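Novice: Supplied in structure tokens, the structure appears directly below.
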Amino acid sequence: MNIVTSPGRGDLVVPGLAPVQPPAQSNMPLIRQYLRIALRWRFVILGFVLACVAIGVVVTLLKTPLYTATTTIEIARESNRVTNFQGVEREENVADQEFYQTQYGLLKSKSLAERVASTMGIIDDRSFYEMFKVKEQGSAFAKINGRYVSSGRNERRRLAGEILLLHVAITPTRLSRLVDINFTSPRPAFSAQVADAWAESFIQTNLERKVQATSYGRNLLQRELAQAKARLDASQRQLVGYAASQRIINLPAQSNGQGATSERSIVADELAALSTALSQAVAERVEAEARYRQLGSGGASSEALRNQAINSLRQRRAELSADYQRLLTQFEPRYAPALALKSQIDDLDRAIGREEARVAGAIRADYLQAESRESGLRARVEQLKSDYLDLRTRSIQYNIFQQEVDTNRALYDGLLQRFKEIGVAGGVGINNVSFVDRAVIPDHPSSPQLLVNLALAMLIGLGLGAAAAMVLEQLDETIADPGELERQLGIPMLGVVPKIEDQAPEVALLDRKSNFVEAYLAIQTSLSFTTEHGMPRSLAVTSTRPAEGKSSTALSLATVLARGRRRVVLIDADMRSPSVHLLIGARHDLGLSNFLAGQDDVEPMIIPVPDYGFDAITAGPLPPNAAELLGGNRLAVLIERLLSTYDHVVIDAPPVMGLADAPLIASRVEGVVFAIESHSVRVTQVKTALGRLSAANARLFGGVLTKFEAKRASYGYGYGYGYGYGYGAGFDYGHNRLSDGEKVSRRG
């Protein structure tokens with residue numbers, strides 16, 4: 001059967017058997033992948049951590065102690081209002097963060113740093129530059145009689161400001177108006193002095209900036225006031241001259257509330273007064289006319305009815321009339337008392353008539369008077385209307401001049417008021433920046449901090465170690481874990497053989513309870529499921545390159561098979577570098593090369609190995625043309641003859657890479673067991689070797705991971721009773737657990 005390569009992946013599968021479906025690397029949880037890499041390269045990571053910690057300790061101990069002093073100030077959006085006057089500066093919105101960002105920028109400005117340097121007098125202080133390890137080079141540090149020359153003072157001021165800026169930190173307190181000014185230097189007292197000087201210089205600079213803005217505003221307003229006053233005077237003279245020429249006489253009135261003065265002319269006032277009087281006269285005339293019209297309609301007028309004298313006469317007449325009627329009921333009209341009463345009644349009637357005539361005359365006189373007054377007022381109003389219309393025509397230009405005067409006066413008054421307010425606000429001198437806490441001389445250094453540096457060094461070491469582990473993981477193409485054999489190569493895993501340090505493999509085989517023997521027992525169990533008849537009768541053991549443990553694997557498989565009461569023969573087919581005779585301690589002057597060369601008698605070539613329980617055929621004399629000998633059919637004849645006597649034939653084949661021997665041998669046996677040394681051979685080399693076996697139509701039973709070190713793997717693996725690697729009896733090539741009945745049927 002052929003070994004074929006899965007297209008697009010480069011993984012090898014065995015035709016005729018259930019293809020191995022190992023878990024893909026990408027399907028493994030990410031945290032498990034990282035944990036596997038960390039455990040595999042744990043010593044590399046630990047080395048980086050220890051190295052970084054050591055460097056951190058050395059750097060911390062060698063670094064000069066630095067002291068940090070802190071001054072806290074408060075920056076308010078507005079200064080405290082002593083007056084209700086506004087200055088020149090723009091008022092900031094409550095939610096305007098631009099103001100505070102501007103203040104933080106001003107606190108870290110070069111001009112402020114240079115001002116602090118000048119205030120503290122450190123520009124010409126040599127110890128200041130020595131403290132910060134500044135090399136005195138250039139014209140700025142030129143000296144005469146041990147003192148710096150004045151020509152380089154500006155350059156030294158700039159340099160001193162840059163040094164201060166490098167060591168100052170502005171830290172705003174979140175959600176507050178407090179700002180911390182931190183300064184760090186090797187001298188604690190100097191740090192406190194600079195922090196306080198920085199805050200004081202900022203406060204003074206803020207005041208000066210406000211004073212400068214106020215002074216500029218006053219000068220500007222003063223020039224504007226002079227111009228506004230000149231315009232106001234000219235417009236007033238123009239207005240008065242036009243009023244005199246046109247004989248327009250207006251009386252001043254109260255302000256209209258918008259800064260303009262409204263005036264009323266005499267004609268307008270008189271017209272308004274007479275119009276009101278005319279309206280009242282019309283009303284009075286209408287009322288008098290109504291009373292007068294009532295006289296002509298007959299009956300008593302309302303005035304007569306309301307007249308007290310007439311009402312008294314009528315009441316007296318009614319009383320006399322009542323007495324007269326009583327007398328008539330008893331006496332005749334000629335009765336003297338009746339005649340007297342009648343005479344009195346007649347006198348009262350005449351008196352009432354005279355009173356009513358007098359009232360009617362008064363009503364008529366009132367009517368005529370009201371009508372005459374109305375006519376006079378109406379004539380005067382009409383005359384005033386004509387005069388007013390003429391005045392309005394002449395007042396158009398006057399009103400234009402008046403508006404210009406009002407406008408100029410409003411501008412002048414506003415500028416004058418603002419000029420006075422700025423003068424008061426500028427003279428108050430209130431600042432919106434104030435001290436909260438002055439700097440205290442620190443009693444312990446702020447850096448270096450040993451614990452912080454160690455923690456940082458550990459983090460850096462972990463980061464570098466993790467990066468190195470990831471790089472090494474990508475560069476390492478060897479097989480580190482048994483699971484990688486199937487994930488990267490796609491071939492079945494037969495078993496894992498531990499690396500033994502204290503003894504040789506042939507010696508370890510003598511201890512039947514050793515982990516080494518237990519591993520090969522598991523491999524034997526796995527091989528028993530590779531064919532329909534159980535354990536393969538003929539198999540070859542090969543590897544990618546020499547010294548991967550293929551000879552030890554062949555020897556061990558022959559040993560465990562022999563201990564299972566089977567007749568086994570081990571053939572050393574590596575005729576270029578034979579090793580079986582060394583493992584069993586026998587001669588190799590007669591062996592496989594003799595049979596392949598034409599000698600038919602096999603019996604003299606068979607060497608009993610009683611210590612291990614099997615027979616062996618060594619490689620024999622080293623031929624010059626091993627590939628030519630293996631290319632014939634003599635090897636197949638030998639295997640057929642041996643299988644007639646033995647139960648199993650195990651062949652120790654040469655490595656695959658660089659030689660043609662192994663593919664030739666693999667094509668003559670039932671299948672091949674491929675030995676792969678862990679942490680040694682590259683995956684690409686193994687794939688190339690497996691490709692050569694595939695080209696020879698060889699059947700691959702699976703791979704054996706040799707010289708495995710559990711402590712170098714990602715996870716621990718054990719051997720012995722109770723826990724093997726997990727590839728042995730009870731597992732088929734598809735990783736499906738088999739039942740006991742299936743095991744029996746497979747063996748059958």
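The values are calculated or read from the model by the stated rules, or taken from the named source; none is laboratory data. Bear in mind that the values here come from a model prediction, so they are computed numbers and not experimental data. FYI the Cβ positions are ideal-geometry reconstructions off the backbone, even for glycines, and counts take in every protein chain you see. Side chains are part of the model used for accessible areas, which takes the heavy atoms of the whole protein and leaves out ligands, DNA and RNA. Shrake-Rupley method; radii C 1.70, N 1.55, O 1.52, S 1.80 Å.
Novice: Do we find a residue being at pLDDT below 80 and either within 27 Å of Ile181 (Cβ to Cβ) or open to solvent by less than 40 Å² (accessible area, probe 1.4 Å) (or both) anywhere in the range 40-62?
Specialist: Yes, some residue in the range 40-62 is at pLDDT below 80 and either within 27 Å of Ile181 (Cβ to Cβ) or open to solvent by less than 40 Å² (accessible area, probe 1.4 Å) (or both).
Novice: Tell me which residues, restricted to the range 225-277, are open to solvent by less than 40 Å² (accessible area, probe 1.4 Å), closer than 30 Å to Glu421 by Cβ and at pLDDT 70 or above.
Specialist: Leu225, Ala228, Leu232, Ser235, Leu239
Novice: Further, regarding this structure: Among the residues of the range 160-171, write down those that are surrounded by 15 or more Cβ atoms within 10 Å (Cβ to Cβ), among the aliphatic types (A, V, I, L, M) and under 14 Å from Met131 (Cα atoms).
Specialist: Residues satisfying the conditions are Ala160, Ile163, Leu164.
Novice: Also, I was wondering about something else. Could you say which residue among Asp437, Asp443 is modelled with pLDDT of 80 or more, open to solvent by 80 Å² or more (accessible area, probe 1.4 Å) and closer than 30 Å to Asn206 by Cα? Explain how you work it out, then say what you get.
Specialist: Details: Asp443 fails: closer than 30 Å to Asn206 by Cα.
Criteria check complete, one pass: Asp437.
Novice: Is at least one residue of the range 150-157 out of contact with any Asp or Glu (no Cβ under 6 Å at 6 or more places or on another chain) and closer than 26 Å to Leu66 by Cα? Give the steps one after another, and end with the answer.
Specialist: Of all residues in the range 150-157, those out of contact with any Asp or Glu (no Cβ under 6 Å at 6 or more places or on another chain) come to 150-156.
From the residues that got through so far, the ones that are closer than 26 Å to Leu66 by Cα too are 156.
Yes, the conditions are met somewhere in the range 150-157.
Novice: State yes or no: is Glu208 at pLDDT below 85, of a type outside the set (S, T, N, Q), within 26 Å of Leu106 (Cβ to Cβ) and open to solvent by 30 Å² or more (accessible area, probe 1.4 Å)? Give the derivation first.
Specialist: Details: at pLDDT below 85: yes; of a type outside the set (S, T, N, Q): yes; within 26 Å of Leu106 (Cβ to Cβ): yes; open to solvent by 30 Å² or more (accessible area, probe 1.4 Å): yes.
Spelling it out, Glu208 is indeed at pLDDT below 85, of a type outside the set (S, T, N, Q), within 26 Å of Leu106 (Cβ to Cβ) and open to solvent by 30 Å² or more (accessible area, probe 1.4 Å).
Novice: Turning to a different aspect of this structure: So if I check each of Ser538, Ser543, Ser556, Ser526, which one is of a type in the set (S, T, N, Q), at pLDDT 90 or above and touching an Asp or Glu at 6+ places or on another chain (Cβ under 7 Å)? First the steps, then the outcome.
Specialist: Numbers: Ser543 fails: touching an Asp or Glu at 6+ places or on another chain (Cβ under 7 Å); Ser556 fails: touching an Asp or Glu at 6+ places or on another chain (Cβ under 7 Å); Ser526 fails: touching an Asp or Glu at 6+ places or on another chain (Cβ under 7 Å).
Every option except Ser538 fails the conditions.
Novice: What number goes with the only condition from (1) assigned to a helix (DSSP H, G or I); (2) without any contact (Cβ under 8 Å) to a residue 24 or more places away in the chain; (3) open to solvent by 70 Å² or more (accessible area, probe 1.4 Å) that Leu456 does not pass?
Specialist: (2)
Novice: Of everything in the range 585-605, what is outside any loop (DSSP other than H, G, I, E, B) and open to solvent by 30 Å² or more (accessible area, probe 1.4 Å)? Give them in sequence order. Show your work before the answer.
Specialist: Of all residues in the range 585-605, those outside any loop (DSSP other than H, G, I, E, B) come to 592-597, 603-605.
Within the range 585-605, Asn594, Ala597, Glu603, Pro604 meet the criteria.
Novice: Does Gly298 fit the bill of being at pLDDT below 80, outside any helix (DSSP H, G or I), over 30 Å from Glu421 (Cα atoms) and open to solvent by less than 60 Å² (accessible area, probe 1.4 Å)? Reasoning before the result, please.
Specialist: Values: at pLDDT below 80: yes; outside any helix (DSSP H, G or I): yes; over 30 Å from Glu421 (Cα atoms): yes; open to solvent by less than 60 Å² (accessible area, probe 1.4 Å): yes.
It is true that Gly298 is at pLDDT below 80, outside any helix (DSSP H, G or I), over 30 Å from Glu421 (Cα atoms) and open to solvent by less than 60 Å² (accessible area, probe 1.4 Å).
Novice: In addition: Suppose we filter Gln402, Gln344, Gln397, Gln417 for residues that are part of a helix (DSSP H, G or I), modelled with pLDDT of 75 or more, of a type in the set (S, T, N, Q) and open to solvent by less than 30 Å² (accessible area, probe 1.4 Å); which single one remains? Before the answer, list the steps.
Specialist: Details: Gln344 fails: open to solvent by less than 30 Å² (accessible area, probe 1.4 Å); Gln397 fails: open to solvent by less than 30 Å² (accessible area, probe 1.4 Å); Gln417 fails: open to solvent by less than 30 Å² (accessible area, probe 1.4 Å).
Testing whether each residue is part of a helix (DSSP H, G or I), modelled with pLDDT of 75 or more, of a type in the set (S, T, N, Q) and open to solvent by less than 30 Å² (accessible area, probe 1.4 Å) leaves just Gln402.
Novice: Restricting attention to the range 522-544, report how many residues are more than 60 Å from the chain's Cα centre (by Cα) and at negative phi.
Specialist: Within the range 522-544, the subset more than 60 Å from the chain's Cα centre (by Cα) is 524, 528, 531-541.
Those left that are additionally at negative phi: 524, 528, 531-533, 535-541.
Of the residues in the range 522-544, 12 are more than 60 Å from the chain's Cα centre (by Cα) and at negative phi.
Novice: Quick check on Ala558: is it among the hydrophobic types (A, V, I, L, M, F, W, C) and surrounded by fewer than 23 Cβ atoms within 10 Å (Cβ to Cβ)?
Specialist: Details: among the hydrophobic types (A, V, I, L, M, F, W, C): yes; surrounded by fewer than 23 Cβ atoms within 10 Å (Cβ to Cβ): no.
It is false that Ala558 is among the hydrophobic types (A, V, I, L, M, F, W, C) and surrounded by fewer than 23 Cβ atoms within 10 Å (Cβ to Cβ).
Novice: What is the number of the single condition among (1) assigned to a loop (DSSP other than H, G, I, E, B); (2) open to solvent by less than 70 Å² (accessible area, probe 1.4 Å) that Leu175 does not meet?
Specialist: Every condition holds for Leu175 apart from (2).
Novice: Can you tell me which residues in the range 53-65 are aliphatic (A, V, I, L, M) and either within 33 Å of the chain's Cα centre (by Cα) or over 24 Å from Pro188 (Cα atoms) (or both)?
Specialist: Val53, Ala54, Ile55
Novice: Pick out the one residue from Ser185, Ser139 that is among the hydroxyl-bearing types (Ser, Thr, Tyr) and without any contact (Cβ under 8 Å) to a residue 40 or more places away in the chain. Outline the logic, then answer.
Specialist: Numbers: Ser185 fails: without any contact (Cβ under 8 Å) to a residue 40 or more places away in the chain.
Result: Ser139 is the single residue among Ser185, Ser139 that is among the hydroxyl-bearing types (Ser, Thr, Tyr) and without any contact (Cβ under 8 Å) to a residue 40 or more places away in the chain.
Novice: Could we say that Gln280 is modelled with pLDDT of 75 or more, of a type outside the set (Phe, Trp, Tyr) and under 20 Å from Thr393 (Cβ atoms) here?
Specialist: no
Novice: Tell me, which helices (runs of 4 or more DSSP H) lie completely within the range 611-700 with 2 or more residues that are open to solvent by 20 Å² or more (accessible area, probe 1.4 Å)? Break it down into steps so the answer makes sense when it comes.
Specialist: Details: elements: 626-631, 634-643, 661-666, 683-695.
Qualifying helices (runs of 4 or more DSSP H): 626-631, 634-643, 683-695.
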